[in-house]
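One structure is given here, and the rest of the page talks about it.
The values are calculated or read from the model by the stated rules, or taken from the named source; none is laboratory data. Not measured: the values here are computed from a predicted model. As a convention, Cβ positions derive from the backbone with ideal geometry for all residues, glycine included, and neighbour counts pool all protein chains shown. SASA here: full protein model, heavy atoms, side chains in, ligands and nucleic acids out. Shrake-Rupley method; radii C 1.70, N 1.55, O 1.52, S 1.80 Å.
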Amino acid sequence: MLITRFAPSPTGPLHLGHAFSAILAHDMARAANGSFLLRIDDLDQSRSRPEWEAQIYRDLTWLGLSWPVPVLHQATRLPRYRETLEILWTQGLLYPCSCSRSDIRAAASAPQEGAPLHGPDGVIYPGTCRPASPPKGPMPREAALRLDMVRACEMLDKPLEYREKGETIAPQNLPATVGDVVLARRELGASYHLSVVLDDADQQITHVIRGQDLQDATQIHVLLQRLLGLPTPAYHHHRLIRDDHGKRLAKRDDARAIATYRAEGASPQDIRKLVGL
């Protein structure tokens with residue numbers, strides 16, 4: 001059965017870009033007599049608010065979308081994420097990192113390094129804390145943990161592949177184009193990359209519908225799926241909804257919030273037309 005999902009963060013109002021992504025995922029599932037799931041990405045408890053979660057439910061219901069309940073909350077999944085981190089640590093694929101964002105920018109911009117390269121997570125980590133051999137002993141409980149991308153790619157026995165226009169990812173490029181990504185954040189317990197991979201697998205998601213801004217991150221997710229023996233869903237990275245200046249919409253764009261359109265008298269069909277559906 002085809003299963004899609006929409007996983008917003010309750011940190012602000014949903015806008016037209018969210019509506020586009022949610023409607024695409026919902027309509028794809030319904031057309032195939034499949035299932036559309038709603039998941040709440042509330043890992044960042046410092047920014048998540050119950051009033052924004054309630055608004056998500058109201059907006060999506062008004063758009064005509066429906067989903068099974070109860071809804072999965074990522075904040076309840078920390079033991080699952082920690083268990084998986086322990087597995088990767090035992091395999092020698094993780095190491096602790098104490099670098100701040102400013103440390104990374106400074107190291108990557110050093111004269112001997114040249115211009116810093118950028119990947120899915122911003123400036124590619126220059127390897128400041130990467131050990132010559134895997135760390136020994138128990139995994140640190142309160143530390144940022146990075147994936148040793150070179151070691152991870154060495155564990156692969158064939159190229160990474162995922163379905164989207166027949167694209168094939170070459171894993172030998174990951175160390176240079178992605179770098180050692182963070183899988184456990186000190187303040188959150190897990191990163192987006194780890195949580196989304198585990199949640200999609202555990203919810204048996206078959207098709208991931210999301211924006212083109214996340215396409216570069218998909219190679220990280222497919223790598224983690226292979227390392228953890230998880231299935232790889234099909235991916236559809238859709239066009240982004242932009243403002244009048246061509247800039248991608250963000251949650252601060254309240255003028256394009258779904259609730260604002262509703263308050264001004266728009267209909268769900270008007271929203272579909274606005275996003276080109």
With labels modelled as points extended 7 Å from the Cα through the Cβ direction, what inter-label distance (nm, one decimal) is found for His118 paired with Thr168?
3.0 nm
Sorted by mean Cβ packing within 10 Å, highest first, what order do the peptides 63-76, 37-50, 141-154 take?
141-154, 37-50, 63-76
With every protein chain kept in place and ligands, DNA and RNA left out, what is the accessible area per residue of region 78-184? Probe 1.4 Å, answer in Å².
56 Å²
In percent, what relative contact order does the chain have, based on Cα pairs under 8 Å that are 6 or more apart in sequence?
24 percent
Given just the C-alpha atoms of the chain, how large is their convex hull per residue in cubic angstrom?
146 Å³
What dipole magnitude, in Debye to the nearest 20, does the chain give about its Cα centre under +1 on Lys/Arg Cβ and -1 on Asp/Glu Cβ?
120 debye
So between Ala54 and Ala106, what do we pick up on full extension, going 0.36 nm a residue minus the alpha carbon distance?
14.6 nm
Which value in deg cm²/dmol, rounded to the nearest 500, describes the helix-derived mean residue ellipticity at 222 nm for the chain, given -39,500 (n - 2.57) per DSSP H run of n ≥ 4 and division by the residue count?
-10500 deg cm²/dmol
If unit charges are put on Cβ atoms (+1 for Lys and Arg, -1 for Asp and Glu) and the dipole of region 90-180 is taken about its Cα centre, the option from Ala106, Met139, Leu156 lying farthest towards the positive end turns out to be Met139
What number do you get for region 108-214 when its Cα radius of gyration is normalised by 2.2 N^0.38 Å, N = residues?
1.21
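Compute the length gained on full extension between Gln91 and Leu228: take 0.36 nm times their separation in residues and subtract their Cα-Cα distance, giving the result in nm to one decimal.
Taking Gln91 through Leu228 to full extension adds about 48.2 nm, to one decimal.
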Of all accessible surface on the chain at a 1.4 Å probe, what whole percent is carbon and sulfur?
51 percent
Dipole magnitude of region 78-184 about its Cα centre (Cβ charges: Lys, Arg +1; Asp, Glu -1), debye to nearest 20:
180 debye
What length, rounded to one decimal in nm, is gained on full extension from Ala176 through to Asp216, with 0.36 nm per residue of separation minus their alpha-carbon distance?
13.1 nm
Given a Förster distance of 45 Å, the FRET efficiency implied by the Cβ-Cβ spacing of Ala259 and Arg130, rounded to the nearest 0.05, works out to 0.50
